Amino acid sequence: MTTGSSCQDPLWPSLRKAKGEIVAGVPLQRAGKPSDIAGACLFLASDLSAYITGATIDVNGGSHIH
């Protein structure tokens, strides 16, 4: 699993001036929340993901589209 900018990132408070610029670059127009990452973890731990192997799940609001 990979993540993008999260509001829980230790550097987030020091980026006060750049927050608007960072969020503007994210298609969902917001920083990630712990619940966003937790949701992906719960999915991967559930039977719903039983047939997924070798995948990278990007939890980044669309900011790093491959």
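Taking segment 35-66 as the search range and keeping residues that are surrounded by 13 or more Cβ atoms within 10 Å (Cβ to Cβ) and not hydrophobic (A, V, I, L, M, F, W, C), which one is nearest to Ala24 (Cα to Cα)?
Ser63
Name the residue that is surrounded by the most Cβ atoms within 10 Å (Cβ to Cβ), counting only residues in segment 19-34 that are charged (D, E, K, R) and in a helix (DSSP H, G or I).
First, pick out the residues of segment 19-34 that are charged (D, E, K, R): 19, 21, 30, 33.
Now restrict to residues that are in a helix (DSSP H, G or I): 19, 21.
Working: Lys19: 14, Glu21: 9.
This residue is Lys19.
Could you please tell me which pairs satisfy a Cβ distance under 7 Å, a separation of 6+ or placement on different chains, a first residue in segment 38-49 that is at pLDDT 95 or above, and a second residue that is among the polar types (S, T, N, Q) and outside any loop (DSSP other than H, G, I, E, B)?
Phe43/Ser49
Report every pair of residues separated by at least 6 positions or lying on different chains whose Cβ atoms are under 7 Å apart, first residue within segment 13-26 and farther than 11 Å from Gly61 by Cβ, second among the aliphatic types (A, V, I, L, M).
Leu15/Ile22
State yes or no: is Ser63 at pLDDT 90 or above and among the hydroxyl-bearing types (Ser, Thr, Tyr)?
No: the conditions fail for Ser63.
The values are calculated or read from the model by the stated rules, or taken from the named source; none is laboratory data. These numbers come from a predicted model, not from an experiment. Cβ: placed from backbone, ideal geometry, glycine included. Neighbour counts: every protein chain shown.
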